[in-house]
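Structure first, then comments.
What follows is calculated from the coordinates using simple rules that are stated; it is not laboratory data. Source: prediction; values computed, not measured. Neighbour counts are summed over all protein chains in view; Cβ atoms, including those assigned to glycine, are modelled from backbone coordinates with ideal geometry.
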């Protein structure tokens, strides 16, 4: 009798485990629902019932996609496996951007390189059409052999770039002291794979080897927690999109542990910081640099 009770209890536990929902961080969205291929004449493909998206580049064209919705603030996670082998001259871009000539933009760009050399991760923040806020990093792993998660947090306090959950860059909202901050223009998510061998690899010295084409980058597990912007109204202002709908990212800050991780990356893997480039800014560094917004 006791053995039967134990067996029954085990069955209950096993069934319960199967019923527990997976954490949201490992459940990707559906590309068919969330994005649309916008260019590339068939070089962009949504596969596996929306679970996988690939972008390809050949001599004739690259390809790209964009989100169906616009967002005014958001937390975006996407797993990307970058172009393998000799990817020199190629750029895989992953960014948020608003419309118009005075646009806002938050950039991840992955600059390809010769086989065996590290990818260069290029980041930038534009406000009202002005960028020039580049920070560049090498990665501490090979981003072509497996999928890795690249994230953008954009909320009223700051913009944070993450790699596998580790912050690599923070751009704070210092609007109160005169530094423009993206907060008024809704943005869409974009991604593209294109040829930029006039500048991407070693300043354009290494050209794209078209014998390696087609070049392909793969994407999965897109997860967007964002304030959808529609007809001038943000979904985050709606009572149906309240705190129980997991909008904690709207007030998310970097705790002391995250600050230490950020400094580790910047001390060990940052290879360019506009805030240190006194040659480029002979009249003085941008205001956010003097306020230690690194």
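This ranking places 274, 269 by how few other beta-carbon atoms lie within 10 Å of each, fewest first, which gives 269, 274. Taking max minus min of the alpha-carbon positions on each principal axis, segment 23-290 gives extents of 53, 51, 38 Å, largest first.
Sorting 249-259, 79-89 by their mean Cβ neighbour count within 10 Å, with the most densely packed peptide first, gives 79-89, 249-259. Shape summary: segment 173-217 maps onto an equivalent ellipsoid whose semi-axes, from the alpha-carbon gyration tensor, are 36, 16, 6 Å in decreasing order. Each stretch of four or more DSSP H residues adds -39500 (n - 2.57); spread over every residue of the chain, this sum gives -4000 deg cm²/dmol at 222 nm.
Which FRET efficiency, nearest 0.05, do residue 157 and residue 271 yield, Cβ-Cβ r, R0 25 Å?
On the way: r = 27 Å, r/R0 = 1.09.
Here the calculated transfer efficiency is 0.40.
Panel note: the C-alpha atoms of segment 110-173, placed on their principal axes, show extents of 38, 24, 13 Å (largest first).
Just so you know, the Rg over Rh for segment 22-122 is 0.97, from Cα atoms, with Rh as the Kirkwood radius.
Past the 21 angstrom mark, what percentage of all C-alpha to C-alpha distances in segment 142-294 do you count? So the portion of pairs separated by more than 21 Å is 63 percent. Projected over every direction and averaged, the convex hull enclosing the alpha-carbon atoms of segment 101-142 yields 3.3 nm². Evaluated at q = 0.16, 0.25, 0.27 Å⁻¹, a Debye calculation over the C-alpha positions of segment 150-229 (equal weights, vacuum) places log10 I(q)/I(0) at -0.91, -1.21, -1.28.
Here segment 64-215 is described by how far its Cα atoms reach on the three principal axes: 49, 31, 31 Å, from widest to narrowest.
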